[in-house]
Amino acid sequence: GVVDGSGIYQHGATATLNATPNEGYHFVRWSDGNADNPRNIMVISDTTMTAEFVINEYTIALTSGANGVVEGDGVYQHGATATLTATPNEGYHFVQWSDGNTDNPRTMTIISDITLSAKFAINVYSVRFLDWNGTEIKVESVEYQSAATAPADPTREGYTFIGWDKDFSHVTDHMTVTAQYQINRYRVRFFDYD
C-alpha cells in the first residue's frame with residue numbers, strides 16, 4: 001500500500017496520515033497499534049509511522065445437493081488460483097455451476113468471496129427394442145435405474161415369441177434389446193386309408 005501525510009510540520013500542528021492499500025490488501029494498523037485511518041496526530045516531535053497492510057482472504061463456499069460432491073471450497077488469499085471440481089454420483093452428470101459456467105474442473109483467480117452450487121441431472125439412456133431381423137420396434141428414453149416399458153409382443157410367422165434377450169428392469173446404460181423366438185413344432189400324424 002501507500003501512505004501520505006508525511007512531511008515537515010511545526011510544533012503542535014495536526015498531521016493527517018492516510019494509508020491506502022493496494023488492490024487485494026487492507027489496512028490493519030499503524031506501527032504504534034492505532035487502527036484509525038485516516039488518522040490525525042498532533043506533532044510534538046519527530047515521528048516515524050509505518051502502515052501495516054495484510055493481503056485479503058476470501059471464502060469460496062460450494063454446495064452440490066444430494067446428487068454429487070464438490071471440491072475446492074475454502075479460504076484463499078487475493079489473487080490465488082482455485083480449482084473447483086464437481087463430481088456426480090453414479091447415474092448423474094454435471095450440468096453447470098449456479099453462475100452458468102459449464103467448466104468442470106473449473107479454475108478461477110480469486111478476488112472476492114464466492115458462493116456457487118453445482119447442478120447435476122440424472123442420466124437418461126436410450127433403450128432400443130429390435131425384432132429378430134434388426135427391425136426397430138420401439139425406442140424409449142429411460143432414467144438411470146428405471147425400467148423400460150416393452151412394446152407389445154412381436155410376432156413372426158412360424159415362431160413363438162418367448163421374451164427379450166436382456167433384462168431392462170434396471171437400466172444403467174444405453175442398451176439394445178432383441179426379441180427372442182422359438183420355432184414352432186407341429187405334430188404330423190399319418191393314417192392308413194382305413
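The values are calculated or read from the model by the stated rules, or taken from the named source; none is laboratory data. Fair warning: this is a prediction, and the values are worked out from it, not measured in the lab. Counting neighbours? That spans all protein chains shown, and the Cβs are built from the backbone with ideal geometry, glycine included. Note: accessible area is taken over every heavy atom of the protein model, side chains too, but ligands, DNA and RNA are not part of it. Shrake-Rupley method; radii C 1.70, N 1.55, O 1.52, S 1.80 Å.
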For segment 100-144, which whole percent of the accessible surface, found with a 1.4 angstrom probe, sits on carbon and sulfur atoms?
46 percent
Can you pull the semi-axes for the chain, root of five times each eigenvalue of the Cα gyration tensor, sorted largest first, whole Å?
82, 10, 9
Once normalised by the length of segment 37-174, the mean sequence separation of its alpha carbon contacts under 8 Å that are 6 or more apart gives a contact order in percent of 18 percent
Compare the peptides 112-120, 178-186, 74-82 by average per-residue count of other Cβ atoms within 10 angstrom and give them in order, highest first.
112-120, 74-82, 178-186
Sort 42-50, 139-147, 123-131 by the packing proxy (mean of other Cβ within 10 Å over each peptide's residues), most packed first.
123-131, 139-147, 42-50
To the nearest 20 debye, what is the magnitude of the charge dipole of segment 2-74 about its Cα centre, counting +1 on the Cβ of each Lys and Arg and -1 on the Cβ of each Asp and Glu?
220 debye
In Å², and per residue, what accessible area does segment 69-194 have when probed at 1.4 Å with the other protein chains present?
66 Å²
Under 5 Å from the placed amide H of Thr176, counting only residues 5+ away or on other chains, we find Arg128
Counting only residues 5 or more apart in sequence or on a different chain, those whose built amide H sits under 5 Å from that of Ile111 are Gly79
So what are the ³J(HN,Hα) numbers for segment 106-112, from phi and the Karplus equation (6.51, -1.76, 1.60; θ = phi - 60°), rounded to whole Hz, Gly and Pro as x?
10, 10, 9, 8, 8, 10, 6
